[in-house]
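One structure below.
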């Protein structure tokens, strides 16, 4: 191994090789002694190594000991629909709109523009970019002013988290320190997420999602090139570049971004020019506020939960809210309205609209009328008929007498004040007569009706103590949501699921109301009601109702899949003279089905055990409704008109009509064509004025409520 030695002064280098000192007496070379410059070089190198290591350790300790600002900043509570669409958001405590976001939620073209414009080496540096700092310093010295910033995206995040400034070196140094510490503790995507969450975009919009909703009314997942460029430029000076206040400054800033992207080859000349010609937004849009009443309720029930996903369909909800606003606008300045639509097979609520306008003070739009306790009017009648079918009290073709009755002082009247004598149960429900349904309620027992209501999942309220017969005519309080729950059970074959509002809730069955056969019979009757103009007959089973004093107008119906309930009236309970469920709410119901889906689902066929026959072919106990204690009694004591006989043709020529009776118990009442013409009659032969020429129907009702009928023709 060759070794180098210092050659003593005065001794020439031998030819052909390097100098070798003479060997010692022991035959060894003398020990190596370094020169002075080598000693100092080694010392300097050692000092540099130790100093560098110490400086690095000091820097490392300095970074590690950095007190970081909070990175888990409060974000807005969001209420989402079944598809993840934003229904409503709530500002955070400081009044800002700050919505949670991830880079995957944002248009990749925007992210590419952002990194190219703000921090090209974001994925490579450790929080501070020396190249960018040197470039910025050189440009400042050359131009005598700051031309470009040397801040990385991580340094901007540090400033946003601490709400600091960049004008002083102390502030810049603090940002560098926090940026270096952030890079050690967070991933690049986590740092990018912080920027996307906190960057200011003007006004109260903070973060990219708040910005895209405020300026473009949409999520940031799909942006145009012009939109993306504006959003890259805004955070640098969010107030001075607001496009609604300073459109020239906003346009220049956006165009600078587009120009740089074109120079870097990200955009073609045609793309950049087309983006430059795109108009700027002229105002900040309001955040979505769909289903606001329901959103308020669920947000209060789930405090601290930042995302609440409902079963609602945002697109359908918007269409229904528009429908309610149109309907209310056409009926007067103080009228309110509410609508619920649900899938009666799954229980999922698709629409929950509590008023025509949440901010409409004239209509008291802040009151959620889906939850308000109101009188249901005649909308409870289908349940009572269904229970009667189930109990064997009646069949749709059973005859029932519509005439004066008195139940211990309670004497209900029909809405029009007329009596129709013997009619089928089908006709009684379709005409929404009061007396037949009260008779059925008397036999069922009001307590059974209330138990069935509660079994459906409803929570009715009674104004007094124990339930009475008046409940069948709307003499209780109940909400629209509970009425839709009740009708969902009928629509689903007598037992449906409980209505669900939150995604992820387990499906639960409600209590059984009726048998499938009875539920189908009710639907078959209600599908035969006359429909509003433009509606398709037989497509929807529905019932209308009007509460006492014209305070509430209802319409609730279903097809083979969905059930919809509509309520209209004043939120303060003031009567609205002239409103009827059939005139006011029914057209809204049919329009709502049209806006829910393009085609209605057909109503189901009858269950196999359903008895479908005429009145004459029914079993004798079902041919005519009688109280249970008289179901098999003789009927010979019922009043009978022996003159004129049924089917007679009389020539009266203006003379009075003479009647002769047998059977029955006085006093008697006579009705001609549904109207009472004589009451309190105790004789069995008497006269009354002629009903007039043409066909007439005469009904005799005795003191026990039994009746007889004849049809005749008068010339």
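The values are calculated or read from the model by the stated rules, or taken from the named source; none is laboratory data. Note that this is a predicted model, so its numbers are computed, not measured. Please note: Cβ atoms are built from the backbone with ideal geometry, for glycine as well, and neighbour counts cover all protein chains shown.
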One residue is enough: does the range 435-443 have a residue meeting the conditions out of contact with any helix residue (DSSP H, G or I) (no Cβ under 8 Å at 6 or more places or on another chain), in the same structural domain as residue 542 (by TED's automatic domain parsing) and surrounded by 17 or more Cβ atoms within 10 Å (Cβ to Cβ)? yes
Only one of 175, 236 is buried (at least 23 other Cβ atoms within 10 Å of the Cβ) and at pLDDT below 95. Can you tell me which? 175
Only unsatisfied item for residue 253, checking (1) closer than 17 Å to residue 114 by Cα; (2) in contact with a helix residue (DSSP H, G or I) (Cβ under 8 Å, 6 or more places away or on another chain); (3) exposed (fewer than 15 other Cβ atoms within 10 Å of the Cβ), is (3)
Going residue by residue through the range 415-426, is there one that turns out to be in the same structural domain as residue 308 (by TED's automatic domain parsing), touching a residue at least 60 places away in the same chain (Cβ under 8 Å) and assigned to a helix (DSSP H, G or I)? yes
Given (1) touching a strand residue (DSSP E or B) at 6+ places or on another chain (Cβ under 9 Å); (2) without any contact (Cβ under 8 Å) to a residue 24 or more places away in the chain; (3) closer than 21 Å to residue 209 by Cα, identify the lone condition not met by residue 237. (1)
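Here is a yes/no grid of residues against (1) touching a helix residue (DSSP H, G or I) at 6+ places or on another chain (Cβ under 9 Å); (2) in a strand (DSSP E or B); (3) at pLDDT below 95; (4) more than 18 Å from residue 547 (Cα to Cα):
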residue	(1), (2), (3), (4)
448	yes, no, yes, yes
451	no, no, yes, yes
465	no, no, yes, yes
482	yes, no, no, no
488	no, no, no, yes
Somewhere in the range 163-177, is a residue out of contact with any helix residue (DSSP H, G or I) (no Cβ under 6 Å at 6 or more places or on another chain) and closer than 18 Å to residue 97 by Cβ? yes
Assess whether residue 232 counts as being in contact with a helix residue (DSSP H, G or I) (Cβ under 7 Å, 6 or more places away or on another chain) and more than 29 Å from residue 88 (Cβ to Cβ). no
Selection from the range 256-277 of residues closer than 22 Å to residue 201 by Cα and surrounded by fewer than 14 Cβ atoms within 10 Å (Cβ to Cβ) yields 277
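When you scan the range 167-216, how many residues do you find that are within 36 Å of the chain's Cα centre (by Cα) and outside any strand (DSSP E or B)?
25
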Within the range 688-712, of all residues that are surrounded by fewer than 16 Cβ atoms within 10 Å (Cβ to Cβ) and at pLDDT 80 or above, the one nearest to residue 665 (Cα to Cα) is 688
Among the residues of the range 338-364, write down those that are farther than 23 Å from residue 504 by Cβ, touching a residue at least 60 places away in the same chain (Cβ under 8 Å) and more than 16 Å from the chain's Cα centre (by Cα). 363, 364
Inspect all residues belonging to the range 475-486 and state whether any of them is in the same structural domain as residue 558 (by TED's automatic domain parsing), surrounded by fewer than 20 Cβ atoms within 10 Å (Cβ to Cβ) and touching a strand residue (DSSP E or B) at 6+ places or on another chain (Cβ under 9 Å). yes
When the residues of the range 205-217 are narrowed to those that are touching a helix residue (DSSP H, G or I) at 6+ places or on another chain (Cβ under 8 Å) and in contact (Cβ under 8 Å) with a residue 60 or more places away in the chain, which ends up nearest to residue 86 (Cα to Cα)? 209
Subset of the range 429-472, residues in contact with a strand residue (DSSP E or B) (Cβ under 6 Å, 6 or more places away or on another chain) and closer than 19 Å to residue 418 by Cβ, comes to 433, 435, 436
Going through the range 97-116 one residue at a time, which ones are crowded, with 19+ Cβ neighbours inside 10 Å and over 19 Å from residue 190 (Cβ atoms)? 97, 107, 113
Out of (1) at pLDDT below 95; (2) in contact with a strand residue (DSSP E or B) (Cβ under 9 Å, 6 or more places away or on another chain), what's the single condition that is false for residue 549? (2)
Kindly establish whether residue 474 is at pLDDT below 95 and within 30 Å of residue 79 (Cβ to Cβ). no
Can we say residue 513 is part of a loop (DSSP other than H, G, I, E, B), at negative phi and surrounded by fewer than 24 Cβ atoms within 10 Å (Cβ to Cβ)? no
